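Input: a single structure, listed below in structure tokens.
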Amino acid sequence: MEAGFMLFETALGRCGIAWGDRGILAVQLPEATDERTRARLRRRAPTVEPTAPPADVARVAAGIAALLRGEHADLTGAVLDMQGIPEFDAAVYAVVRAIPAGATLTYGEVARRVGEPGGARPVGRALGRNPFATIVPCHRVVAAGGGLGGFSAAGGAATKRRLLAIEGGGPDAGTGDLFR
């Protein structure tokens with residue numbers, strides 16, 4: 001598979017996806033402008049150039065767009081290039097990837113599942129480095145006691161709240177750009 005990246009339309013704005021010969025390198029949620037989305041995506045995949053995606057990447061992009069419209073889409077088959085991902089982060093991503101839409105786990109629950117009880121903060125740091133937004137649905141990991149916890153995408157906790165609302169069909173689900 002030839003390496004590349006593209007921006008694609010979603011209900012929240014234009015997302016980005018980058019891929020290489022080992023799988024998906026990065027997914028970027030919308031930034032305020034396409035230029036900022038591309039720039040942030042290229043930090044994760046600096047050598048890729050814009051090009052048409054292979055069929056499997058196009059299917060993943062379509063699945064992400066469906067999820068962001070509040071539809072069911074199974075992204076568990078998306079092949080991720082985990083080269084350079086620390087072992088702990090990869091273990092966290094595997095647990096988080098299994099959280100179904102509409103469900104959440106706390107940072108502490110994820111830590112216990114990766115064999116690190118008391119490791120909620122390292123889990124949060126790993127999720128802050130997550131290069132695979134929506135495929136590794138880090139927005140589904142929340143703080144203990146009902147808090148949202150952090151979120152490193154544009155808009156921070158408000159974006160996290162919105163993604164959870166979209167999946168649950170709550171009052172914040174709405175449509176349109178993240179930056180309105």
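The values are calculated or read from the model by the stated rules, or taken from the named source; none is laboratory data. Predicted model only: the values in this text are computed from it and were never measured. Cβ coordinates were reconstructed from backbone atoms using ideal geometry, including for glycine residues, and neighbour counts include every protein chain displayed. Note: accessible area is taken over every heavy atom of the protein model, side chains too, but ligands, DNA and RNA are not part of it. Shrake-Rupley method; radii C 1.70, N 1.55, O 1.52, S 1.80 Å.
For the reader, a short list of remarks on this structure follows.
- Rounded FRET efficiency, nearest 0.05, which uses the C-beta distance separating residue 125 from residue 21 and R0 of 30 Å: 0.55
- Seen from residue 98, the other residues with C-beta closer than 13 Å to its C-beta sum to a net charge of +1, counting Lys and Arg as +1 and Asp and Glu as -1.
- Stretched out straight at 0.36 nm per residue, the stretch from residue 73 to residue 109 would grow longer than its current Cα-Cα span by 10.5 nm.
- For the chain, the share of accessible area belonging to carbon and sulfur comes to 51 percent (1.4 Å probe, ligands and nucleic acids excluded).
- Rounded accessible area per residue of the chain, 1.4 Å, Å²: 48
- Neighbour-limited loop hits for trypsin sites (Lys or Arg not before Pro), region 33-63 (at most 15 other Cβ within 10 Å; DSSP other than H, G, I, E, B): none
- Under the convention that each Lys and Arg Cβ holds +1 and each Asp and Glu Cβ holds -1, the size of the dipole of the chain around its Cα centre is about 520 debye.
- Option label - volume of the Cα convex hull per residue in Å³ computed here, alternatives [x] 136; [y] 101; [z] 152: [y]
- The separation of region 115-130 from region 44-65, counted between C-alpha centres, amounts to 27 Å.
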